[in-house]
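Asker: Below is one structure. I have some questions about it.
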Amino acid sequence: MDPNTPNHVAIIMDGNGRWAEARGLPRSEGHKAGAEPVRTILKAAHREKIRYLTLYTFSTENWNRSKEEVDNLFTLLVKYIDQETMELFTSGVQLKGTGDLDRLPKMALDTLREAEKITAVNTDLTLTLALSYGSRAELARAAKQIARKVSSGELNPDKVSEETLLSEMWTAALPDVDLLIRTGGDIRVSNFLLWHIAYAELHFTETLWPDFGESHLLAALEDFRSRKRRFGRAG
């Protein structure tokens, strides 16, 4: 693996609503516009030989939005997956979902599972959609699972390790994040992959997600390459 290229890039795709509002459009139009950068960035990531791309698609907090907006978001998700599955398959991209997926509407979950099945053989790049995802909820769930195993005698508490906790997470199969990108101007991580970003390089941009293109991704990669990663060691 090229140390100058991040193995795992995670993106908080922020700004769809503000993009629409600035144009006098309903928020739903911003979400529609946000689908195109996903295609663009996925292709660019593939060319740059990034192996894992994880997108913060729908958070646990997003369930608090209006029913109309939530329904619209999942309608768009189903449409996107339906349209892109065969392209992902032929491009060598594996699609996966992570999060509290049982909360998803049935059609969305069924569509996701079918796409996962079709693309499961691919190994060039793994595209993970974080859906109904929140890192604190994930950690709490993992702790409960471990507590149950300890209580039943299945697990010795002295044997609980970082690896034990990770194995119970929704995101257990994901490697650590090397580069976290957030669009939209806010400088925070918003409960996203808190375990996996422990040593990630963070890149924030004012660009709203619908305007985020290949040049913005390349700028983030250049930023990543300009940094010296020590992982707690002396330089």
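Just so you know, all these numbers are worked out from the coordinates, no wet-lab data involved. Keep in mind that this is a model prediction, so the values were computed, not measured. Neighbour counts run over all protein chains shown; Cβ positions are idealised from the backbone, glycine included.
Asker: Output the residue which, of all residues in the stretch 93-120 that are of a type in the set (Val, Ile, Thr) and assigned to a helix (DSSP H, G or I), is surrounded by the fewest Cβ atoms within 10 Å (Cβ to Cβ). Please lay out each step first, then the result.
Answerer: Step one: filter the stretch 93-120 for residues of a type in the set (Val, Ile, Thr), giving 93, 98, 111, 118-119.
Retained after the next criterion (residues that are assigned to a helix (DSSP H, G or I)): 111, 118-119.
Numbers: 111: 20, 118: 15, 119: 22.
It comes out as 118.
Asker: Looking at the structure I just gave you, is residue 138 within 18 Å of residue 55 (Cα to Cα), free of Cβ contacts under 8 Å to residues at least 24 places away in the same chain and part of a helix (DSSP H, G or I)? Show your work before the answer.
Answerer: Numbers: within 18 Å of residue 55 (Cα to Cα): yes; free of Cβ contacts under 8 Å to residues at least 24 places away in the same chain: no; part of a helix (DSSP H, G or I): yes.
In short, no.
For every residue, the table says whether it meets (1) among the acidic types (Asp, Glu); (2) under 27 Å from residue 29 (Cβ atoms); (3) surrounded by fewer than 16 Cβ atoms within 10 Å (Cβ to Cβ); (4) in contact with a Ser or Thr (Cβ under 6 Å, 6 or more places away or on another chain).
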| position | (1), (2), (3), (4) |
| --- | --- |
| 157 | no, no, yes, no |
| 165 | no, no, no, no |
| 169 | no, no, no, no |
| 181 | no, yes, no, no |
| 190 | no, yes, yes, no |
| 196 | no, no, no, no |
| 206 | yes, yes, yes, no |
| 219 | no, yes, yes, no |
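Asker: Okay, moving on. Anything in the stretch 44-78 that is touching a residue at least 24 places away in the same chain (Cβ under 8 Å), among the charged types (D, E, K, R), part of a helix (DSSP H, G or I) and under 24 Å from residue 180 (Cα atoms)? List them, or say none.
Answerer: Scanning the stretch 44-78 gives a single hit, 61.
Condition check ((1) hydroxyl-bearing (Ser, Thr, Tyr); (2) surrounded by fewer than 21 Cβ atoms within 10 Å (Cβ to Cβ)) across all residues:
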residue	(1), (2)
6	no, no
16	no, no
29	no, yes
39	no, yes
49	no, yes
70	no, yes
81	no, yes
86	no, yes
91	yes, yes
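Asker: A further question on this structure: Take the residues in the stretch 6-31 that are assigned to a helix (DSSP H, G or I) and touching a Phe, Trp or Tyr at 6+ places or on another chain (Cβ under 6 Å), then tell me which one is nearest to residue 220 (Cα to Cα).
Answerer: Taking the stretch 6-31 and keeping what is assigned to a helix (DSSP H, G or I), we get 16-22, 27-31.
In the following step, the residues that additionally are touching a Phe, Trp or Tyr at 6+ places or on another chain (Cβ under 6 Å) were identified as 16, 30.
Values: 16: 20, 30: 23 Å.
The qualifying residue nearest to residue 220 (Cα to Cα) is 16.
Asker: Being free of Cβ contacts under 8 Å to residues at least 24 places away in the same chain and more than 19 Å from residue 45 (Cα to Cα) narrows it down to one of 110, 100, so name that one. Reasoning before the result, please.
Answerer: Working: 100 fails: free of Cβ contacts under 8 Å to residues at least 24 places away in the same chain.
Residue meeting the stated conditions: 110.
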